[in-house]
Every structure is written in structure tokens, then in C-alpha cells.
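First comes the structure, then the notes that go with it.
The values are calculated or read from the model by the stated rules, or taken from the named source; none is laboratory data. In this text, all values refer to a predicted model and were calculated from it rather than measured experimentally. Neighbour counts are summed over all protein chains in view; Cβ atoms, including those assigned to glycine, are modelled from backbone coordinates with ideal geometry.
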Amino acid sequence: MLNFASLPPLSLYVHIPWCVRKCPYCDFNSHEASSGRSRHPASRDISASLHVTIPEREYIDALLRDLEQDLPRVWGRIVHTIFIGGGTPSLFSPEAIDRLLSGIRARLPLDQNPEITLEANPGTVELERFQGFRAAGINRLSIGIQSFDEEKLKALGRIHGREEALRAAEAARKAGFDNFNLDLMFGLPGQTTEQAVADMRTAIGLRPTHLSAYQLTIEPNTLFHARPPTLPDDDTAWDMQNQLQAELAAADYRQYEVSAYARPGYECRHNLNYWKFGDYLGIGAGAHAKITAAGDAQGCASVARGGTPGATITRLWKVKHPGEYLRTAGTAASIGGEQKLSRHDAVAEFMLNALRLVDGFPSPLFQERAGLPISACEPELALAENRGLIEWDTRAIRPTPQGRRFLNNLLELFV
Ligand SMILES: C[S@@+](CC[C@H](N)C(=O)[O-])C[C@H]1O[C@@H](n2cnc3c(N)ncnc32)[C@H](O)[C@@H]1O
Ligand code: SF4
């Protein structure tokens, strides 16, 4: 049985499932925008220049119905961060984002200083649009650059070139975003370490507060999986990562997670909440949620055994397909699945998240978030320590450099 002295911080994830074009490496729940047209004749063309049509009014209505349905799960709790991800949320108009945020504020109490992030694709950017997002209350942008190299952008099937990528970062700053992230990928088809470093130097030159550097992975159900491009081998990719880390460290970006680097104080609060096994609601097609309930500790014998009746961690996800989601949002039919975590799941999922953090976690956080004493996974921790994959002192349990390099081997010990 689980036991929580208090509930974890709460975040809200909002999924927007459309893109202008599907990238051949991407396995996110994202669909080419034109596919929404025929099913939803009321669709509004939000960006004629992009020739895409999205049912944005209907989708915002659906998101708000979805949120209403989830509210009883989090009565009275404050939302600290909101992340509007995708897909390509920057395809939505500032008016639609404004209506979404107003609707969220009317239904949920927000932190006094919430972090509100929106993901943007450089191919969908105009200064005016970014200004509109800022006015609607977005205070952090995450821009999917991937590379500044024209040839690599083509190989990745991106809808933008180098110039648009550069302009997107400039537009973010001009629109008043003093906090923005750039996503880069490395280990690209035919990429050399010099090319990866050149991309990173260009990104650093744009002075974002945050940089994400993802090694390109080949995911099932993608075009790259069906027709794999030639990628740099593991040793070259490891060398690239080390050189990128050195560039970032020299420019005062501190690595705090496997792929995440930030200027001091600009770590992504939303993602940190995931990695510290906090709670989150998820609205939108295919969105996932994780919600803790503290249960009822009143006068029950099981409390003496270290648990609280009714204390649970629940995972919940919404139906994936945008059409089905639009039809069912706000009703039980929109729930794709729901699962209460077992003790074993709670241990595994906590570790899969927290051991991604360079600083690891203070050991009391395990009881706070997984609802179990740290002794519940002492044998696995001891094994990891013996193999040199973690270190454990009075302040924290953290992965060693070896544990970070062979993170999968470390995480497997808990699964
Ligand atoms: C969901 S995407 C959202 C950003 C936006 N749609 C775009 O691509 O411009 C978030 C990030 O995941 C990363 N990503 C997606 N597929 C990946 C893959 N197969 N390997 C590594 N990183 C990937 C990309 O860096 C991307 O910017
Ligand atoms: S634009 Fe982003 S979310 Fe859309 S397909 Fe490409 S990587 Fe995936």
C-alpha cells in the first residue's frame, strides 16, 4: 500500500496533434493538418500561406470539455506549469491559444508565476504570431530547430531552412520572450562531429535560455524505420555528445538531464516536474496524465503497516486519433485507458524519470512521490552502486558518469 504525506506539484499538458507535414523520423502523435479538413467542414484556415486547415475552434472546445471532465481528479490543487506541445501548436492562431488559456484559468487555479510553454516550428513563425502568443499569456517558447544545415534539414524532411530557423529565434526575442528553448538533434544522417558542433555554436549564438540536444533515434512506425538512413556509429555519436556538452558548458549552459541544458535558473519547470515524478493532467488527443490521490488515513489499521487506504497513483490517457478525440472529448469514451500503478510500477516509473537527472534525487523524494520507503528498492540500488552506475551520499542518489553513459543498463535494474 502506498503512503503520501502530501500531494506532488501539479502540471497541465495540452496536446495539439497536427503538423504541416509529418517528419520521417517522428513517432509523436502528430498528423498532417490537411487530414482534418474533410472530417470537419467547419474548419477554419488559420494560415493560408501554409495551405493547411485545422479545426481549431472545435479542438479548443474539445480541450475545455476534456479539462472539465478531469477536474474532479484534482479539486483544489494549483497548477504550476502548462506545456502546450505537439505536433505543432504554433499552427494555432494566437486567438485560439488565448481562448484556451482563458478557459484553463477559468477552470483551474494557477500558480502566481506559472511557466506556460508553447512548442513552435520555425516553418510556422511570424513576429506578429509570436507577439500574439505572448499577449495570450505564453511566457516560454520551445522552438524545434533540429539543425541549421540546409542539407540536413532536407534529409530530415523539415518544412523550414536555415534562414527561417535563425529568424524564429530572433522573432521570439523581439516578441518579448526572454525565456526560450531551442531543440537540436545530433547524430543525423551522414553528420560529422564538426557539423554537429557548428549547429550547436550557431544555436548558442542565438542566446536561448535553454537548449535541448537529442540524439536522433530511429523509432518504429516511422519512414526512417522503413528505410533507415545511414547514421553515425555509436562511438561517433558519443564523441559528438561529449563535444556538444563541452561547447555548452563553456557557454554557461549546465546539463541537468540527459538531453537538457539551461542557463542557471532557466531549467524547464514543467519537464522537471515529470522527472521528479510530479503529477500532471493531460488533455488533448493521446495526452497522458499521472495523478496521485493521498487516500484516507483516518483511524485505519493499515496505516500502522505504513500505508494509507485509497492512496493511489493513477495513469490515464485519452484516445489518440484527433477525429475520435473531437467526437468524444468530455465523455467517458475519450478515455483511452486508465491504470493504477502497482508498488513495482511506482518504483520503476520513479526511477525511469528521476535517474535521468544529472543531480539525481534526494532520497526522501522517493517516499514523497512513489509513496514507498526507499528500502523498497534497496537491493536494486545496492546492485547499481556495486556496478558503479549510481552514487549515493547524504544529499542525493545520482547516476555516475558511467551510469549516464549506460543509462539503459541502469534503468533496466528497476524494471
Ligand atoms: C514533439 S517535437 C515538437 C516540436 C515541433 N513539432 C518541431 O518539430 O518543430 C519535440 C522534439 O522532439 C525531438 N524529436 C522528435 N523525434 C525525434 C527522434 N526520432 N529522435 C530524436 N529526437 C526527436 C525534436 O528535436 C523535436 O523538436
Ligand atoms: S514537426 Fe515536430 S511533431 Fe510534427 S512531425 Fe515533425 S518532429 Fe514530429
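Pick from the stretch 93-129 the residues that are of a type outside the set (Val, Ile, Thr), within 16 Å of ligand 2 (Cβ to nearest atom) and within 19 Å of the chain's Cα centre (by Cα): which of them is nearest to Leu166 (Cα to Cα)?
Here the answer is Pro122.
With (1) under 23 Å from Gly85 (Cβ atoms); (2) within 22 Å of the chain's Cα centre (by Cα); (3) more than 16 Å from ligand 2 (Cβ to nearest atom) as the list, and Leu206 as the residue in question, which single condition is left unmet?
Leu206 satisfies all of (1) under 23 Å from Gly85 (Cβ atoms); (2) within 22 Å of the chain's Cα centre (by Cα); (3) more than 16 Å from ligand 2 (Cβ to nearest atom) except (2).
Within the stretch 74-105, take every residue that is without any contact (Cβ under 8 Å) to a residue 60 or more places away in the chain and among the hydrophobic types (A, V, I, L, M, F, W, C) and give me the one that is surrounded by the fewest Cβ atoms within 10 Å (Cβ to Cβ).
Filtering first and then ranking leaves Trp75.
In the stretch 168-183, is there at least one residue being among the aromatic types (Phe, Trp, Tyr), within 15 Å of ligand 2 (Cβ to nearest atom) and outside any loop (DSSP other than H, G, I, E, B)?
no
Check whether at least one residue in the stretch 226-248 is closer than 29 Å to Arg140 by Cβ, acidic (Asp, Glu) and touching an Asp or Glu at 6+ places or on another chain (Cβ under 6 Å), and report yes or no.
The answer is no, given that none of the residues of the stretch 226-248 is closer than 29 Å to Arg140 by Cβ, acidic (Asp, Glu) and touching an Asp or Glu at 6+ places or on another chain (Cβ under 6 Å).
Hey, can you tell me all the residues within the stretch 221-244 that are assigned to a helix (DSSP H, G or I), more than 17 Å from Pro401 (Cβ to Cβ) and in contact with a helix residue (DSSP H, G or I) (Cβ under 8 Å, 6 or more places away or on another chain)?
Narrowing the stretch 221-244 to residues assigned to a helix (DSSP H, G or I): 223-226, 234-244.
Checking the rest, the ones that are also more than 17 Å from Pro401 (Cβ to Cβ) come to 223-226, 236.
Of everything in the stretch 221-244, just one residue is assigned to a helix (DSSP H, G or I), more than 17 Å from Pro401 (Cβ to Cβ) and in contact with a helix residue (DSSP H, G or I) (Cβ under 8 Å, 6 or more places away or on another chain), namely Thr236.
Within the set of pairs 6+ apart or on separate chains, which have a first residue in the stretch 248-276 that is aliphatic (A, V, I, L, M), a second that is in a helix (DSSP H, G or I), and C-beta atoms under 8 Å apart?
Every condition considered, the pairs that remain are Leu248/Met200; Leu248/Ile204; Ala251/Ile204; Val258/Arg404; Val258/Leu407; Ala260/Asn271.
Quick one: in the stretch 143-167, of everything that is within 13 Å of ligand 2 (Cβ to nearest atom) and surrounded by fewer than 18 Cβ atoms within 10 Å (Cβ to Cβ), which residue is farthest from Glu126 (Cα to Cα)?
Across the stretch 143-167, the extreme among qualifying residues is Gly157.
Being part of a strand (DSSP E or B), buried (at least 20 other Cβ atoms within 10 Å of the Cβ) and touching a strand residue (DSSP E or B) at 6+ places or on another chain (Cβ under 9 Å) is the requirement here; does Leu63 meet it?
no
Hey, does the stretch 238-261 have a residue that's buried (at least 19 other Cβ atoms within 10 Å of the Cβ), under 17 Å from Gln146 (Cα atoms) and touching a Cys at 6+ places or on another chain (Cβ under 9 Å)?
Yes, the stretch 238-261 contains a residue that is buried (at least 19 other Cβ atoms within 10 Å of the Cβ), under 17 Å from Gln146 (Cα atoms) and touching a Cys at 6+ places or on another chain (Cβ under 9 Å).
Just checking, which of Arg395, Arg387 is at pLDDT below 95 and either surrounded by fewer than 17 Cβ atoms within 10 Å (Cβ to Cβ) or more than 25 Å from Pro9 (Cα to Cα) (or both)?
Details: Arg387 fails: at pLDDT below 95.
Sole residue among the options that is at pLDDT below 95 and either surrounded by fewer than 17 Cβ atoms within 10 Å (Cβ to Cβ) or more than 25 Å from Pro9 (Cα to Cα) (or both): Arg395.
Give the residues of the stretch 106-121 that are touching a residue at least 24 places away in the same chain (Cβ under 8 Å) and more than 8 Å from ligand 1 (Cβ to nearest atom), sorted by residue number.
Taking the stretch 106-121 first, the residues touching a residue at least 24 places away in the same chain (Cβ under 8 Å) are 107-111, 114-121.
Hits for the stretch 106-121 are Arg107, Leu108, Pro109, Leu110, Asp111, Pro114, Glu115, Ile116, Thr117, Leu118.
Considering only the stretch 324-394, give the helices (runs of 4 or more DSSP H) lying wholly within it that have at least 3 residues that are within 20 Å of the chain's Cα centre (by Cα) and closer than 30 Å to Ala285 by Cβ.
Values: elements: 343-354, 364-370, 378-386.
Output list reads 343-354.
Return yes or no: is Ser47 of a type in the set (Gly, Ala, Ser), modelled with pLDDT of 95 or more and within 16 Å of ligand 2 (Cβ to nearest atom)? Show your work before the answer.
Working: of a type in the set (Gly, Ala, Ser): yes; modelled with pLDDT of 95 or more: no; within 16 Å of ligand 2 (Cβ to nearest atom): yes.
Criteria not met by Ser47.
Just to be sure I understand the filter: pairs with C-beta atoms under 8 Å, separated by 6 or more residues or on different chains, first member in the stretch 122-143 and without any contact (Cβ under 8 Å) to a residue 60 or more places away in the chain and in a helix (DSSP H, G or I), second member within 16 Å of ligand 2 (Cβ to nearest atom) and of a type in the set (Phe, Trp, Tyr). Which pairs pass?
none
Report the residue count in the stretch 218-247 for those that are within 16 Å of ligand 2 (Cβ to nearest atom), under 23 Å from the mean Cα position of the chain (by Cα), in contact (Cβ under 8 Å) with a residue 24 or more places away in the chain and at negative phi.
Matching residues across the stretch 218-247 total 6.
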